[in-house]
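Here the structure comes first, spelled out in structure tokens, and everything after it is commentary.
The values are calculated or read from the model by the stated rules, or taken from the named source; none is laboratory data. In this text the structure is predicted, and so the values were computed from the model without any measurement. Here the Cβ positions follow ideal geometry from the backbone for every residue, glycine too, while neighbour counts run over all protein chains shown. What goes into the accessible areas is simple: the full protein's heavy atoms, side chains included, and nothing from ligands, DNA or RNA. Shrake-Rupley method; radii C 1.70, N 1.55, O 1.52, S 1.80 Å.
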Amino acid sequence: MPTRTARTAWTGTLEQGSGKVELTSSKVGTYDVSFPKRAADDADGTTSPEELIAAAHSACYAMQLSALIGRAGGTPQALDVQADVDLGPDPAGGFRLTGIRLTVRGEVDGLDADGFEKVANEAKAACPVSKALTGVEISLDAALES
């Protein structure tokens, strides 16, 4: 399996500095980051480590869930996965990820609601990004759509 790479060029202090995150392996883009915007309610055109983790987690989870639906005898028609990653204070000092909420809505042939919920929970545990984030509480809201 390949190694994927991203890099960040940062200038200045935490509070006044800023950086650019480059998605090096895919070459799909370079994105601005700054701590003040990371901690603000409005990201105002910048990304953050938390948003990048959310993107990685939602994509990984969707792939894992799709595989498990197939193994359970279902056929995924559409999966809509959202990951919300929270940043908060760390009691030991600084900041930490305080929680991740995965929300998935699926259109799936061949599985009922209970079967979908079962594989959705299995995917949460089996997704490689979930495994990497075991120090963070991850919740799941999974439901089939009509």
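Between beta-carbons, use under 15 Å as the cut-off and find the net charge around Thr75, counting Lys and Arg +1, Asp and Glu -1. Counting the neighbours of Thr75, the net charge comes to -3. Here the simple spin-label model places points 7 Å from the Cα toward Cβ, and for Asp114 and Gln16 these points are separated by 6.3 nm.
I'd like the FRET efficiency for Thr75 and Ala125, computed as 1/(1 + (r/R0)^6) with the beta carbon distance as r and R0 of 25 Å, rounded to 0.05.
Taking R0 as 25 Å, the efficiency between Thr75 and Ala125 is 0.65.
Segment Arg96..Asp42, full-extension length gain: 17.5 nm, with 0.36 nm per residue of separation and the alpha-carbon distance subtracted.
Send over a whole-number figure in Å² for the accessible area per residue of the chain, probe 1.4 Å. All intermediate terms of the calculation are to be shown ahead of the outcome.
On the way: 8890 Å² over 146 residues.
For the chain, the per-residue accessible area is 61 Å².
Please give me the summed charge of the neighbours of Val85: other residues whose Cβ is under 12 Å from its Cβ, Lys and Arg +1, Asp and Glu -1. Mind showing how you got there, number by number?
On the way: positive: Arg38, Arg96, Arg101; negative: Glu50, Glu51, Asp84, Asp86, Glu137.
Summing Lys/Arg as +1 and Asp/Glu as -1 gives -2.
Adding -39500 (n - 2.57) for every DSSP H run of four residues or longer, then dividing by how many residues the chain holds, sets the calculated 222 nm ellipticity at -9500 deg cm²/dmol. Against the chain, whose longest principal axis comes from its Cα atoms, helix 49-71 is set at around 20 degrees. Each of Ala55 and Asp32 was given a label point 7 Å from its Cα along the Cα-to-Cβ line. The distance between the two points is 1.6 nm.
In terms of packing, defined here as the mean over residues of other Cβ atoms within 10 angstrom, the peptides 91-101, 114-124, 59-69, 133-143 line up highest first as 59-69, 114-124, 133-143, 91-101.
When the dipole is taken about the Cα centre of segment 76-126, and only Lys, Arg (+1) and Asp, Glu (-1) are charged at their Cβ, what size is it in debye, to the nearest 20?
On the way: 5 positive and 10 negative charges, 56 e Å.
Dipole size: approximately 280 debye.
In the chain, taking the dipole from charged Cβ atoms about the Cα centre, the farthest positive-side position among Gln77, Leu97, Thr11 is held by Thr11. To the nearest ten degrees, helix 113-126 and the longest principal axis of the Cα atoms of the chain are 40 degrees apart.
Name the shape class, rounded, prolate or oblate, that the alpha-carbon gyration tensor gives for the chain, where a ≥ b ≥ c are the square roots of its eigenvalues, rounded holds for a/c under 1.5, and otherwise prolate holds if a/b is larger than b/c and oblate otherwise. The partial results should precede the final answer.
On the way: a/c = 2.45, a/b = 1.90, b/c = 1.29.
Prolate.
Taking only protein heavy atoms and a 1.4 Å probe, the accessible area of segment 15-124 is 49% carbon and sulfur.
Classify segment 36-89 from the C-alpha gyration tensor, please: rounded if a/c falls under 1.5, else prolate or oblate depending on whether a/b exceeds b/c. It is prolate, given that a/c is not under 1.5 and a/b is the larger ratio.
Working out 0.36 nm times the residue gap between Leu87 and Thr8, then minus their Cα-Cα distance, what length gain in nm do you get to one decimal?
26.5 nm
Based on DSSP, what percent of beta bridges with both residues in the chain are antiparallel, to the nearest 5?
Values: 23 of 31 bridges.
So the antiparallel bridges amount to about 75 percent of the total.
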